[in-house]
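K.L.:
After the structure tokens below, expect a handful of questions from me.
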């Protein structure tokens, strides 16, 4: 199946409608063998291949931009490859095609009384292949790890059309290089992921959720420490959000019901979960909150009394991206530091923004348990449209905030990837030897630079 240029507009524009690419067509194969045939044909013709998943990325990694004007390339969508194969309950593995939508996998796992624990606001459109290619994170990383920790095997079409199959999903396989890890987070630059064996976990039917008002990011750290001591591995999510961020959700998100009449300066959303029905998670939450409220670090708290109330809490959290898109132009930073350094990062980033970008308003949403901070500087559309060089100004902002994170021993890309947005930042901030080795891997697998050229690396030579 092929989509010609007249019907390609939804495919060639990124989710936030900030960047538009160009390609000959969109090809939608229905099997791995068809993918292999398409890739082999493109290799023979010297045409680039630009993979696209659910187009929910934030770094323009799926926007087709060829480096050769006479070779615009094709876009490759695995949307038709959406079959969920065997679900092995005993081993805890689901074998799926790369075009499977995350929400559909959630439903299939639940039907087998298991769960796939990757949780994202874009679960209704994000596809497994794209999530693996960007090593997606989400709210459950604190307990289950990012996508890399959930992949037990892969099937990949290489740049010359050959197929590398590694779907045995063995827990132990000590036969040399674990090649599949090269393709996780490679953003389609080494090959096309067509299938995956994914790790499932037991369902956590016993959960507890609370929405808390805390005095500061430091107080949120005290909460995290106290929960680690009392709940340990039961912490499924702990999300820190600023008032400025939640005000936008209140303004733009439909059906967002806040637990407090007035949005506090800092809110924390906590989820505990256990496979053991007898574990008193609500009691643990109440005990910890009582101690911290007495110390003045938690100023108010609502423990969800029902699944519906818990779902309402999470609806607020997962409405953030859409609310920001509706508000204005947000420069989103996806940094990570050690959780203990999160308050220092926020304070230093706020000081940097106030000094250099006074027209902006800072917003914070943070996966506190793993130190991933989405630090967003929001600008009014009128200010942004009046800039002479929007791209240069955005890069200036990104460099300044990234330097704060790196100065604290952190990273400038935690879960969103590099795409085409952050290639210059990767070349600037990555260890030179590491960058050289990555470029060497790219040359080994894709010497003609036909697989998603322009993404991840500025060049492989």
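K.L.:
Pick from the range 60-82 the residues that are touching a residue at least 12 places away in the same chain (Cβ under 8 Å) and exposed (fewer than 14 other Cβ atoms within 10 Å of the Cβ): which of them is farthest from residue 124 (Cα to Cα)?
P.N.:
The selected residue is 68.
K.L.:
Here's something else I'd like to know. Go through the range 6-17 and count every residue that is in a helix (DSSP H, G or I) and either in the same structural domain as residue 332 (by TED's automatic domain parsing) or surrounded by fewer than 11 Cβ atoms within 10 Å (Cβ to Cβ) (or both).
P.N.:
Number of matching residues: 3.
K.L.:
Just wondering, is there one or more residues in the range 125-136 that are surrounded by fewer than 21 Cβ atoms within 10 Å (Cβ to Cβ), touching a helix residue (DSSP H, G or I) at 6+ places or on another chain (Cβ under 9 Å) and more than 28 Å from residue 450 (Cβ to Cβ)?
P.N.:
Scanning the range 125-136 turns up no residue that is surrounded by fewer than 21 Cβ atoms within 10 Å (Cβ to Cβ), touching a helix residue (DSSP H, G or I) at 6+ places or on another chain (Cβ under 9 Å) and more than 28 Å from residue 450 (Cβ to Cβ).
K.L.:
Does residue 441 qualify as being closer than 22 Å to residue 50 by Cβ, at pLDDT 95 or above, surrounded by 14 or more Cβ atoms within 10 Å (Cβ to Cβ) and touching a helix residue (DSSP H, G or I) at 6+ places or on another chain (Cβ under 7 Å)?
P.N.:
For residue 441, the condition - closer than 22 Å to residue 50 by Cβ, at pLDDT 95 or above, surrounded by 14 or more Cβ atoms within 10 Å (Cβ to Cβ) and touching a helix residue (DSSP H, G or I) at 6+ places or on another chain (Cβ under 7 Å) - is met.
K.L.:
Mind checking which residues of the range 263-297 are assigned to a strand (DSSP E or B), touching a residue at least 60 places away in the same chain (Cβ under 8 Å) and closer than 24 Å to residue 319 by Cβ?
P.N.:
Those that are assigned to a strand (DSSP E or B), touching a residue at least 60 places away in the same chain (Cβ under 8 Å) and closer than 24 Å to residue 319 by Cβ: 268, 269, 270, 271, 272, 273.
The values are calculated or read from the model by the stated rules, or taken from the named source; none is laboratory data. Just so we're clear, the structure is a prediction, and the values are computed from it rather than from any experiment. As a convention, Cβ positions derive from the backbone with ideal geometry for all residues, glycine included, and neighbour counts pool all protein chains shown.
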